[in-house]
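Engineer: Mind looking over this structure? Questions follow.
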Amino acid sequence: MNARSRLKAALGWPLRRALDPRVAMTVHEIDARLGSDGLARPTVHDRIDDLDRMGRDMLAGLGWRDVPAPGGALEHLDASRAAYLNWASGPEGYASQAGVWFNPPVPVEHAAGVVRPLLVNERILEQPFVFGAVAGVPAGSRILDVGGSESTVGLSLATLGHDVTIVDPRPHPLAHPNVHHAACRLDELPEPATPFDAAVVLSAVEHFGLEHYGLDAIDERLDLAALAALRDLVRPGGLLVLTVPFGIAAVDDFQRVYDEDGLAELLDGWEVQTSLRAGRVDHLTWQLGVAPTPDQHGVALVTARRS
């Protein structure tokens with residue numbers, strides 16, 4: 001073995017192995033039991049390499065390649081890892097399973113060597129519309145947030161000083177002194193001792209009575225029943241802030257889409273103050289006053305008062 005090879009072999013051993021005789025004795029004992037004592041490169045290290053290779057092969061079989069250390073550079077992001085990240089950060093990934101996915105207005109998409117906006121959804125309009133509508137409500141008002149477990153709007157309103165009750169059968173993971181969680185359906189909510197000053201219904205009632213969130217579909221129009229029930233829960237003159245899908249009337253297992261007649265039926269008994277329409281221009285752009293296309297619904301943004 002030449003000097004270069006001897007130096008390379010020596011550097012291949014951690015310094016602590018040369019300095020600590022107990023380490024050398026342990027390696028010698030393992031090598032002896034493996035029948036490899038005295039070999040230039042003890043078999044125990046080959047076995048460790050085999051285990052490492054087997055682990056990487058198993059990961060490769062699951063769609064991974066050359067798993068890097070945490071914090072790798074963006075240019076090393078490959079397609080299989082990107083697909084995993086898209087799933088993990090989406091509505092069926094780990095955060096969602098843990099109940100801490102909040103349906104962001106701008107979800108991102110991972111691809112090989114790239115991270116970019118996937119789309120801009122209607123939350124980009126709905127959330128600021130809610131805050132603008134509630135801006136005139138005095139601090140400390142009692143606000144009912146219907147179906148708000150996948151939203152941070154209730155927490156924001158509570159942080160602004162309002163007393164917020166979130167009614168949703170799903171767990172609500174966010175805590176605040178001004179947030180109260182009623183883990184039930186709206187029709188199961190006990191009548192409050194004091195009526196609410198406002199109700200926020202952000203992208204919620206269109207799912208009521210359908211198979212969304214694993215519920216059994218029923219024939220009763222629970223969306224209409226919800227808006228009727230809110231009239232009893234909100235004080236006279238109290239505020240309703242409502243957002244729903246809008247376009248060509250339709251219904252499937254996931255949601256309803258309302259047209260003008262359907263929206264009027266939904267708001268029966270309420271005094272409408274503001275009624276706006278918005279549509280998608282492209283996958284990154286929403287605008288007020290844009291009519292939805294036949295294959296892409298828009299959103300209706302409404303404020304109303306209880307008479």
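Engineer: Find out how many positive minus negative residues lie around E188, taking Lys and Arg as positive, Asp and Glu as negative, among other residues whose Cβ is under 15 Å from that of E188. Each step should come with its number before you reach the end.
Structural biologist: Values: positive: R170, R185; negative: D168, D187, E191, E220, D232.
Value of the local net charge: -3.
Engineer: Counting other Cβ atoms within 10 Å, keep those with at most 12, restrict to DSSP loop, and tell me which GluC sites (Glu not before Pro) in the range 169-252 are left.
Structural biologist: Details: sites: E188, E206, E211, E220; in loops: E211, E220.
Qualifying residues, ordered by number: E220.
Engineer: Would you mind getting me the FRET efficiency between T194 and R170? Use the beta-carbon distance for r and R0 = 25 Å, nearest 0.05.
Structural biologist: Numbers: r = 25 Å, r/R0 = 1.02.
FRET efficiency, T194 to R170: 0.45.
Engineer: Around E265, under 15 Å between beta carbons, what's the net of Lys plus Arg minus Asp minus Glu among the other residues?
Structural biologist: Values: positive: R221, R231, R256; negative: E206, E220, D223, D259, E260, D261, D268.
In short, -4.
Engineer: Multiply the residue separation of A88 and T152 by 0.36 nm, subtract the distance between their alpha-carbon atoms, and state the gained length in nm to one decimal. Please list the in-between numbers first.
Structural biologist: Values: separation 64, 0.36 × 64 = 23.04 nm, distance 1.98 nm.
Stretched fully, the A88-T152 segment lengthens by 21.1 nm.
Engineer: Could you state, as a whole-number percent, how many of the C-alpha pairs of the range 123-306 are farther apart than 26 Å?
Structural biologist: Working: 4498 of 16836 pairs.
Pairs farther apart than 26 Å: 27 percent.
Engineer: Just for the range 161-307, what percent of DSSP beta bridges are antiparallel, to the closest 5?
Structural biologist: Working: 23 of 34 bridges.
So the antiparallel bridges amount to about 70 percent of the total.
Engineer: Same structure again: Work out, step by step, the length gained on full extension between R305 and R221: first 0.36 nm times the residue separation, then minus their alpha carbon distance; give nm to one decimal. Provide the component values of the computation, followed by the final result.
Structural biologist: Numbers: separation 84, 0.36 × 84 = 30.24 nm, distance 2.19 nm.
Using 0.36 nm per residue and subtracting the Cα-Cα distance, I get 28.0 nm.
Engineer: When a footprinting reagent is the concern and you count Cβ atoms within 10 Å, what order do Y94, Y84, Y258 take, fewest first? The partial results should precede the final answer.
Structural biologist: Details: Y94 12, Y84 15, Y258 26.
If I rank by nearby Cβ atoms, fewest first, I get Y94, Y84, Y258.
Engineer: First select every other residue whose beta carbon is under 15 angstrom from the beta carbon of T152; then total the charges, Lys and Arg +1, Asp and Glu -1. Present the calculation step by step, with values, prior to reporting the outcome.
Structural biologist: On the way: positive: R123, R170; negative: E126, D145, E150, D168.
Charge balance in the 15 Å sphere: -2.
Engineer: For C184, project a label point 7 Å along Cα to C-beta. Then give me every residue of the range 216-246 with its amide nitrogen under 18 Å of that point.
Structural biologist: Only 225-234 fall inside the zone, counting backbone N under 18 Å.
Engineer: So what does the Cα-only Debye profile of the range 187-292 read at q = 0.25 Å⁻¹, as log10 I(q)/I(0), no solvent term?
Structural biologist: Evaluating at q = 0.25 Å⁻¹ gives log10 I(q)/I(0) of -1.45.
Laboratory data are not the source of any read-out in this text; all were calculated from the coordinates shown. Because the structure is a prediction, the values reported are computed rather than measured. As a convention, Cβ positions derive from the backbone with ideal geometry for all residues, glycine included, and neighbour counts pool all protein chains shown.
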